[in-house]
Amino acid sequence: VKEKYKTDNTKIGIDVSHHQGNIDYKKIKESGVEFAFIRIGSQKGKNGEYYLDNKFKENIEGFTQVDIPIGIYFFSYADSNEEALKQAKWILKQIKNYKIDLPIVFDWENWTKYREYNLSFYHLTEMASTFINKIEKSGYKSMLYSSKNYLEKIWFKPNTNIWLAHYAPETDYEGEYKVWQLCDDGKIDGIDDNFVDIDIMYK
């Protein structure tokens, strides 16, 4: 990945959650990882309570100790502007004692049950914007995560940076994006228990 994608205008990073198990942050740093997005948590389904990823505290402290810049993402089941705003406030409360260098990301992927949400594509985008606006008004950067397919067919153009998921050697997505998640089966020294997503960030 470094040989193919590392340039003066890119950084190579990963995104992690409890699925990666125990991480050797020093080895990650030595492997050339330049940033990381950490899952802060999620929601127990639609209208469910919020919870911290059980590796969040360990991950945010571990990456911070080795000076790898971090952002965070929240896997959302929001079904209204009010719920999205509530989620943003919950996240802000959880991170108040940490240094967050990169965006706080809205990650909504409930496509198989989309009909249950009774959301038009417009209102889905409006909901994401509610989350993003609250985060940015609180002094942080924000971003929307989604796959190439849904960015092209469903999302309106939200006024924020995009984290594109497209698992391919090259992407033909024509919209603007700040980060590209190019695979979910990366292997790297320091993460021995599972694969890891690999990301490219553009300056």
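Could you tell me whether the stretch 140-153 includes any residue that is in contact with a Lys or Arg (Cβ under 9 Å, 6 or more places away or on another chain), buried (at least 16 other Cβ atoms within 10 Å of the Cβ) and not in a helix (DSSP H, G or I)?
Yes, that holds for at least one residue.
Select from the stretch 1-17 the residues that are exposed (fewer than 14 other Cβ atoms within 10 Å of the Cβ) and of a type outside the set (S, T, N, Q) and list them in ascending order. Quick ask: steps written out before the conclusion?
Our first condition is that a residue be exposed (fewer than 14 other Cβ atoms within 10 Å of the Cβ); within the stretch 1-17, this holds for 2-4, 7-9.
Hits for the stretch 1-17 are LYS2, GLU3, LYS4, ASP8.
Step by step: first the residues of the stretch 157-177, then only those that are open to solvent by less than 70 Å² (accessible area, probe 1.4 Å) and of a type outside the set (A, V, I, L, M), then the one that is nearest to ILE135 (Cα to Cα). Which residue is that?
Ranking the qualifying residues of the stretch 157-177, first place goes to THR160.
What's the total number of residues in the stretch 154-192 that are farther than 20 Å from PHE121 by Cβ, β-branched (Val, Ile, Thr) and assigned to a strand (DSSP E or B)?
Adding up the residues that qualify gives 3.
In the stretch 141-154, is there at least one residue being at pLDDT 95 or above, more than 16 Å from the chain's Cα centre (by Cα) and within 18 Å of ASP15 (Cβ to Cβ)?
no
Enumerate the helices (runs of 4 or more DSSP H) found wholly within the stretch 45-134, keeping only those where 3 or more residues are modelled with pLDDT under 95.
Passing ranges, in order: 114-117.
Out of (1) modelled with pLDDT of 95 or more; (2) in a helix (DSSP H, G or I), what's the single condition that is false for THR7?
Single failed check for THR7: (2).
Would you point out which residue out of ALA84, ALA36 is touching a Gly at 6+ places or on another chain (Cβ under 7 Å) and buried (at least 19 other Cβ atoms within 10 Å of the Cβ)?
From the options ALA84, ALA36, the qualifying one is ALA36.
Name the pairs: first residue in the stretch 89-105 and open to solvent by less than 50 Å² (accessible area, probe 1.4 Å), second residue assigned to a helix (DSSP H, G or I), Cβ to Cβ under 7 Å, at least 6 apart or on different chains?
Listed pairs, sorted by first residue: ILE104/ILE91; ILE104/ILE135.
Only one of THR112, THR125 is open to solvent by 70 Å² or more (accessible area, probe 1.4 Å), of a type in the set (Ser, Thr, Tyr) and more than 23 Å from VAL33 (Cβ to Cβ); which?
Going through THR112, THR125 in turn, the sole match is THR112.
Just to be sure I understand the filter: pairs with C-beta atoms under 9 Å, separated by 6 or more residues or on different chains, first member in the stretch 56-75 and closer than 20 Å to VAL179 by Cβ and touching a residue at least 60 places away in the same chain (Cβ under 8 Å), second member open to solvent by less than 10 Å² (accessible area, probe 1.4 Å) and β-branched (Val, Ile, Thr). Which pairs pass?
Qualifying pairs under 9 Å: GLY71/ILE38; GLY71/ILE104; GLY71/VAL105; GLY71/VAL179; TYR73/ILE38; TYR73/ILE40; TYR73/ILE104; TYR73/VAL105.
The values are calculated or read from the model by the stated rules, or taken from the named source; none is laboratory data. This structure is a prediction, so every number in the text was calculated from the model and none was measured. We place every Cβ from the backbone using ideal geometry, glycine too, and count neighbours over all the protein chains shown. Ligands, DNA and RNA are excluded from the accessible area calculation, which covers all protein heavy atoms including side chains. Shrake-Rupley method; radii C 1.70, N 1.55, O 1.52, S 1.80 Å.
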